[in-house]
Amino acid sequence: MASKTDQLLIVVSILEGRHFPKSPRLSLVVQASFDGEQLATDPVEHRDQPLFSTELAWELDRRTLHQHRLQRTPIKLQCFAVDSVSKKRESVGYIVLDLRSVQEVKQEPRWYPLLSSKYTKQRPALLLSMALENDAKPSEPSPERFKAKKAPPRQGSPAVTDLLPDQLEASLIPDQGYHQVGPADHCCDMFVLSVTVAFATKLEQLIPSTMKLSAEASGFFFYYSLLGNDITSEPFLNLLSPDFEPERASVRIRSSKQILQTFLSRQPSLQIYLCCGNHSLGSTDVSLSALAAVSVDLENKAATVEGAFILQPPKHTKQALPALPADLQPTVGVAVTLRREEVTPQSLGNKEGSGAPTHSNPPPSVPPAVQRPRSSSPLRKPPDSSSPPLPPPSSHTESEAESLLEELQRGKEQAGLLADLEVPVQLQTQTEATAEGGAPSVSVSAPKVSIPSSAHHYCFSLDLRSLGSLSLTHPIAVTLRYSYQFFGSAAPIMTNPPVELQRNMEASLPQSYCAFDFAALPQQLQDTFLGVPLVVEVWHRDSTSRDQLIGRASIQLSHLLSSERSRLLASTGEQSWRQTHQDRIPVFKTQRPSEKVAELSFVATLEDLGLVKAREVILYDSSQDEPAVPKQPSSHPAAPSLNAPPQGPTAPRDTLEYRTALELELWKEEQEDLFDDQLKKKELSHMQALAEEWKSRDREREALVKKKEVEYNLLEEQLQKTLCDLEKREKQLTEAELETQRLQRELRAEHNLTQRELQESSRRLQQECDHRGAMERDKVRLMEEERVRLLQQIADGESRYKQLEKEFQLCREQQNIRPEFRLQSEINLLTLEKVELERKLESTTKSKLHYKQQWGRALKELARFKQSR
């Protein structure tokens with residue numbers, strides 16, 4: 001028996017693959033055969049980069065290995081595609097490994113392309129490594145000996161993975177704030193999976209040249225899904241130089257290393273999208289296969305996949321965008337990190353220099369298992385128009401107030417605003433209408449709201465006075481409803497109670513007046529009023545059926561900006577402006593936008609109350625009837641009491657009236673100086689804003705010009721090539737036309753000549769046919785005579801044949817009586833028997849030689865078997 005060190009294992013590690021097409025219905029299996037023994041991997045998902053992470057091993061001694069090397073015995077790996085429904089296997093390709101290249105020193109894995117692959121577009125390959133390992137065994141023979149077809153569990157292929165289901169899922173444990181992967185009894189470690197979107201470059205290449213960058217006013221953001229949680233980054237407005245803070249989204253996972261790596265190997269690539277509103281401008285795939293590699297040591301350090309990934313446009317726009325060089329490709333910097341919760345990742349220090357820790361309590365709009373380092377960036381959710389009204393301000397916490405401000409900000413973005421500010425901020429809302437829930441629709445601004453110094457305090461009021469000119473034949477119970485998120489309130493405003501409206505009559509609307517106090521920039525207000533109309537919905541409320549939408553009326557607020565301005569003096573002494581617009585607009589049906597159903601009469605008023613000061617932004621107390629209005633501080637001292645005793649005669653300059661008038665003049669001069677300073681500051685800030693906007697648009701124009709220049713160069717090259725092709729084709733067409741005319745003339749002359757020849761030949765053929773017909777008739781007559789003569793000869797021959805047959809039969813009977821004939825028959829039979837015996841002798845000789853060879857081989861096998869024992 002061979003010694004212990006002579007026992008070896010040939011280990012073939014099948015790690016992963018690449019360049020395989022995606023096919024969700026199929027799975028991949030690699031089958032390895034060596035020396036008549038076959039081993040196979042577990043089925044894995046048929047995708048671009050399948051992850052096998054399997055080791056196959058065969059046991060043999062050094063002498064047998066030497067014989068296999070001399071005989072050049074190969075190790076053949078065959079890859080099959082297995083149908084999950086019919087279990088039908090189809091060969092994808094194969095790989096032949098040379099046993100002579102296997103060494104006992106560990107070698108780096110290398111890529112082997114599949115031979116005779118059925119995938120012709122790309123060349124699939126497998127990442128393989130081979131090694132020789134000493135097979136250490138106990139001195140006494142064990143009843144359960146090693147078998148080549150059932151290799152023992154090795155590192156990277158734990159036995160617990162055999163018990164896992166085919167579909168591993170991450171189940172959320174809400175009360176604990178983590179996801180569970182795998183059975184609970186095998187999950188004892190806590191891991192953190194983090195995704196960081198760090199930077200982006202050349203994003204303007206994803207926008208077609210026909211679209212203006214400034215037209216995308218709702219902002220751009222990155223979106224991806226992490227274990228079923230939708231994550232969006234902070235929106236940014238400038239595609240030329242995207243300016244956003246790196247954000248990290250983390251999920252806590254309770255599992256074990258082997259189960260988690262198996263789970264990640266079955267997960268598809270992480271897809272990150274660049275979005276604008278509801279449209280996707282491009283996407284990229286980040287493979288997670290490196291996190292699930294067997295060689296990753298999660299006990300001591302973190303596994304990271306990071307880099308700049310190229311964003312690909314959607315499939316329906318790929319044809320519209322030209323091919324770009326490598327330095328103009330749009331990219332996004334992404335880092336995906338997997339670590340144990342106790343291990344501090346070494347790679348995060350370089351990637352997230354801001355050092356923002358992950359909050360233990362995530363924001364209210366983030367699921368408990370997803371934690372984000374910035375609480376001001378909740379997950380993006382569309383505002384729900386049917387949500388109940390907001391609670392009174394006394395019940396708001398600071399985080400809820402910030403979430404309210406984020407809702408206002410999203411409302412501003414949906415309205416199509418470009419300003420990178422946290423306005424408009426609703427100061428207070430006074431309304432007689434009620435929300436859907438019946439409670440007053442009062443929205444309250446949150447504490448710690450940052451408002452620009454150049455923002456104005458506006459008050460917008462809308463009075464829906466009457467509704468008439470109904471075109472329907474039946475009466476309806478009318479309720480009007482509208483909402484305008486720019487004013488800071490997402491809750492709808494409704495008139496209540498319903499009013500009965502009949503055909504050709506006018507009905508006044510009760511509780512239809514509503515006023516909004518908000519802060520905004522003048523340019524922002526003008527852009528919004530010009531671009532976003534206020535839509536009023538007309539509903540029919542019936543107690544026996546559901547509410548029915550009758551039609552919509554669109555109020556163009558731009559008319560309010562063009563109306564005449566009137567000057568007002570507030571109670572504080574400050575000057576304000578008021579603009580009023582009154583109109584009667586049609587209400588159109590929803591199914592037929594061109595058909596008018598009624599007419600709505602309204603009065604809209606806009607008041608500009610001047611600049612907003614920080615002390616004017618206060619919380620509205622719902623318990624008070626009127627909002628608190630801060631008093632304007634007075635710079636002059638209080639007047640003395642009128643009941644003071646009279647004093648003696650004083651100089652005119654020492655009288656109280658003179659001092660008061662002097663102080664008033666000084667105060668006016670001081671206010672004028674302050675007003676001039678404010679105007680200068682405003683002018684400076686506006687000039688700076690204009691300069692920045694000019695620079696931004698100049699950079700945008702330069703980028704678009706460069707992009708269009710590249711496109712125009714490509715188009716010019718294509719046009720030059722097309723012109724050359726057209727000139728060549730024109731020359732070819734001219735030559736072909738001349739050749740066609742020449743051929744037509746030749747064909748006409750040839751046709752005329754052929755026609756004359758055919759007429760002459762037809763005449764000759766007619767004469768020849770007539771002559772042949774006469775000759776054939778003579779031949780027929782002669783043949784008839786010859787036929788009669790031959791029939792007579794046949795009758796005579798038959799009679800002679802019968803006579804000769806009788807004579808032959810008589811002679812044959814006489815020959816059978818003679819002994820020589822019988823002897824000749826016996827000699828023929830003996831000759832046949834001799835030939836048969838010779839054939840059997842030859843076959844027996846060949847069988848004897850074959851049995852000798854088989855006996856020699858059996859003796860050799862018996863000797864080798866005895867030697868191995």
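The values are calculated or read from the model by the stated rules, or taken from the named source; none is laboratory data. The shown structure was predicted, so the numbers you read here are calculated from the model rather than taken from an experiment. Using ideal geometry, Cβ is built from the backbone for each residue, glycine included, and neighbour counts are taken over all protein chains shown.
For region 298-324, the set of residues classified as part of a loop (DSSP other than H, G, I, E, B) and modelled with pLDDT of 80 or more consists of Ala302, Leu311, Pro313, Pro314, listed by residue number.
Checking Arg699, Arg729 one by one, the residue that is surrounded by 10 or more Cβ atoms within 10 Å (Cβ to Cβ), under 30 Å from Pro330 (Cβ atoms), charged (D, E, K, R) and within 45 Å of the chain's Cα centre (by Cα) is Arg699 and no other. All of (1) in contact with a Pro (Cβ under 8 Å, 6 or more places away or on another chain); (2) within 19 Å of Pro314 (Cα to Cα) hold for Ile272 with one exception: (1). Look at Arg565 and say whether it is touching an Asp or Glu at 6+ places or on another chain (Cβ under 7 Å) and touching a residue at least 12 places away in the same chain (Cβ under 8 Å). No.
Using the structure shown, decide if Lys257 is over 21 Å from the mean Cα position of the chain (by Cα), assigned by TED's automatic domain parsing to the domain that holds Gln205, at pLDDT below 80 and among the basic types (Lys, Arg). No. If we scan region 521-534, do we find a residue that is assigned by TED's automatic domain parsing to the domain that holds Tyr458, at pLDDT below 85 and either touching a Ser or Thr at 6+ places or on another chain (Cβ under 7 Å) or not basic (Lys, Arg) (or both)? Checking region 521-534: not a single residue is assigned by TED's automatic domain parsing to the domain that holds Tyr458, at pLDDT below 85 and either touching a Ser or Thr at 6+ places or on another chain (Cβ under 7 Å) or not basic (Lys, Arg) (or both).
Any residue in region 476-490 that is of a type in the set (A, V, I, L, M, F, W, C), at pLDDT 85 or above, surrounded by fewer than 21 Cβ atoms within 10 Å (Cβ to Cβ) and more than 17 Å from Ser508 (Cβ to Cβ)? No: zero hits. In region 546-557, the count of residues that are at negative phi, small (Gly, Ala, Ser) and surrounded by fewer than 19 Cβ atoms within 10 Å (Cβ to Cβ) is one or more. When each of Gln71, Gln78, Gln7 is tested for being surrounded by fewer than 15 Cβ atoms within 10 Å (Cβ to Cβ) and either more than 30 Å from the chain's Cα centre (by Cα) or closer than 16 Å to Leu128 by Cα (or both), the lone residue that passes is Gln71. Checking Thr590, Thr495 one by one, the residue that is out of contact with any helix residue (DSSP H, G or I) (no Cβ under 7 Å at 6 or more places or on another chain) and either under 30 Å from Gln671 (Cα atoms) or in contact (Cβ under 8 Å) with a residue 60 or more places away in the chain (or both) is Thr495 and no other.
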